[in-house]
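Reviewing the structure listed below.
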Amino acid sequence: MKLKTRFLLLASLLVVASSLASWVVFQRIAEGIIERWGANIADIQVRYDSARLLQNIEREVGLAHQMTDSDIIQKWARHPQDDGLKAAAIAEMERFRHNFAGHNYFLAFKDDGAYYYNNAANEFAGKQLRYHLDPNKPADIWFYQLIEQRRDFHLNVNPDEALGVTKLWIDVLLKVDGQIVGVAGTGMDLEPFLQQIVDLEQPGINTLFVDANGAIQLYRDREYIDYASFVKPEGQKKTVDLLLDRPVDRDWFHRTMTALREESDQGYRVATGFVNVDGKRHLAGITYLPSIGWYEITLLDLNLLLPLATFAPLIGVFAVALLLTLVAFNLAIRRQIINPIISLEAAMERVRQGDLSPRKPSPRSDEMGRLEQHFDVMASSIREHTRQLEETVRERTDALNRLARKDHLTELLNRRGMNELLAEEFQRFRREHRTFGIVWLDIDNFKDINDTLGHAVGDGVLRQIAASLRTCIRPYDHAARWGGDEFLVLLAPCDGDHLQGIGERIRRTVESAAETPAITVSIGGALAVPDDTIENILQRADDALYQAKDNGRNQFYIAEGGQLTRIS
């Protein structure tokens with residue numbers, strides 16, 4: 001056998017071996033990138049879907065609590081046979097009906113089982129008493145179990161046979177003097193809610209919500225939803241186990257759900273893992289939502305979202321280039337083949353380690369040079385995919401951060417956003433000794449406005465206060481809705497004159513801007529002093545605010561030097 005033939009055979013063996021090694025390395029790199037990207041997308045998708053659900057649910061829960069705490073409804077609950085109180089309470093519930101997202105409400109009393117309801121079409125105006133609950137009827141067991149378990153509030157997807165509707169019900173206990181006298185709440189239309197939250201028609205992405213026992217509450221396939229989970233015994237519920245192919249996947253789900261619930265007091269966390277669904281490998285992301293007692297689960301079909309076939313053209317080019325190098329092996333095995341392959345493998349290893357920086361262009365124009373160029377094309381494609389994926393993750397993260405820092409009603413910062421700014425400003429104060437000030441204001445008699453004029457007017461008042469704050473503060477100051485009817489303004493930099501001037505301008509602007517209803521605010525202010533803490537500054541401003549309210553409201557006090565000084 002000629003030496004040339006031997007070289008060609010040896011070259012062929014080396015090329016084949018290198019091709020196989022390169023394919024294995026490339027496959028592992030591609031799969032690793034896909035899995036890391038999938039984990040990041042699962043984390044962001046879970047947080048995004050959870051935020052959208054909670055934004056809808058928590059508003060409805062808050063309104064339901066406000067309805068049960070209404071003075072009118074509380075009086076009626078004490079004297080349910082009083083027709084005058086009954087008429088006033090029904091009128092109050094009708095006002096709440098217009099604020100609920102589903103424009104409906106219900107209220108049921110424990111003693112006689114009377115169940116009141118009206119829907120978005122106002123179909124039952126004047127005849128809100130629909131029927132009486134019976135503890136012996138299976139359809140009514142939910143009511144008595146909810147009272148027996150003393151849950152402050154409960155979510156349940158359930159059909160009401162008497163009303164002929166199926167909704168996501170938000171149930172809140174009605175208490176009088178600490179005693180449970182009934183249940184009230186609202187129902188959200190199931191179909192629009194499913195389309196908005198879980199049925200988004202995103203190929204390769206499935207989202208579902210399950211309760212503490214794993215029973216499916218929200219899912220795009222309605223046949224899997226476990227209606228009336230609350231009253232079903234274990235073993236009869238449609239749980240997430242129905243979606244999983246293998247027992248090991250079911251065990252992993254239950255262990256993960258238990259761990260997330262036990263660790264919920266340590267902060268928000270998303271757990272990920274691979275499971276088999278419908279014979280396909282999926283990446284599952286799970287998180288626990290302690291405010292409603294549910295879990296959010298996202299299933300990602302990575303083969304559909306970013307299949308390996310995406311890289312097929314690059315693989316073909318890579319294979320063709322390797323075959324062309326057979327001619328070059330005939331000239332010099334070591335110089336022309338082995339060393340370039342070692343260099344190429346080193347570049348692949350850098351990519352596998354996550355180094356996607358461009359290589360120095362090869363000066364060669366032969367087959368190995370083209371092979372290196374094809375590899376650079378492949379690496380460039382991976383870089384571009386990685387950049388696009390990172391940009392998607394960054395956009396979703398930014399959207400979540402904005403959602404977490406902003407109050408949706410007033411468009412001001414929320415408490416979390418202001419706390420972050422306070423911490424930053426306090427650190428700047430300690431480094432640069434640049435004094436800052438706090439203005440804490442509270443809307444006078446805000447509860448009376450809500451009770452007498454309705455929550456829609458109350459929301460308008462909150463937006464009006466926010467608008468007044470924007471006109472009164474400087475461009476580099478910050479305002480936030482601190483909670484309920486309280487607002488906090490951060491003035492930086494600030495001295496005593498600025499604190500007095502801006503605080504008084506806010507008070508006068510609010511007082512003069514309102515027509516109907518008349519609005520005033522009580523204000524407390526404080527300046528940062530050496531050796532101060534954020535807690536001390538806030539406490540002094542709160543003390544000044546309390547003094548302003550206690551002394552008659554519509555006043556402005558400043559806490560300085562251990563004294564409370566009235567400004568107006």
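Each reported figure results from applying straightforward, stated rules to the coordinates on display, with no laboratory input. Just so we're clear, the structure is a prediction, and the values are computed from it rather than from any experiment. So basically every Cβ, Gly included, is an ideal-geometry build from the backbone, and we count neighbours across all protein chains shown.
Between the stretch 130-208 and the stretch 542-567, the C-alpha centres lie 46 angstrom from each other. Computed from backbone phi with θ = phi - 60° and the Karplus coefficients 6.51, -1.76 and 1.60, the 3J(HN,Hα) list for the stretch 482-496 is 6, x, x, 10, 10, 10, 10, 10, 9, 10, 8, x, 7, 10, x Hz; x is used for glycine and proline. When the listed pairs Lys175/Lys232; Lys75/Lys167; Lys110/Lys238; Lys75/Lys447 are checked against a 22 Å cut-off, the alpha-carbon distance exceeds it for Lys175/Lys232; Lys75/Lys167; Lys110/Lys238. Label sites at Lys75 and Thr452, each approximated as a point 7 angstrom past Cα along Cα to Cβ, lie 1.4 nm apart. Among Ile537, Ile72, a tally of other beta-carbon atoms within 10 Å of each Cβ gives an order, fewest to most, of Ile72, Ile537.
From the square roots a ≥ b ≥ c of the eigenvalues of the alpha-carbon gyration tensor of the stretch 70-191, which class results: rounded (a/c under 1.5), prolate (a/b over b/c), or oblate? The shape class here is rounded. The string of couplings for the stretch 155-164 from the Karplus curve (6.51, -1.76, 1.60, θ = phi - 60°) is 10, 7, 8, 8, x, 9, 5, 5, 8, x Hz, one whole number per residue in order, with x for Gly and Pro.
Among Ile180, Leu163, Gly102, flag the residue with its Cα farthest along the positive direction of the charge dipole of the stretch 70-191, charges on Cβ as +1 for Lys/Arg and -1 for Asp/Glu. Value: Ile180.
Shape of the stretch 198-305 from the C-alpha gyration tensor: rounded (a/c under 1.5, with a ≥ b ≥ c the square roots of its eigenvalues). Centroid-to-centroid, using Cα positions, the stretch 411-469 and the stretch 479-501 are 7 Å apart. In this structure, the amide hydrogen of Ala114, modeled 1.01 Å from its nitrogen in the peptide plane, lies closer than 5 angstrom to those of Phe109, Leu133, counting only residues at least 5 positions away or on a different chain.
A simple packing score, the average count of other Cβ atoms within 10 Å per residue, orders the peptides 116-125, 132-141 as 116-125, 132-141, with the highest score first. For Phe274, the residues whose amide H sits under 5 Å from its own are Ala284, ignoring neighbours fewer than 5 places away on the same chain, with H placed 1.01 Å from N.
Computed from label points 7 Å out along Cα-Cβ, the spacing between His98 and Asp265 is 4.4 nm. Residues Thr533, Thr68, Thr298, Thr520, ranked from the fewest to the most other C-beta atoms within 10 Å, line up as Thr533, Thr520, Thr68, Thr298.
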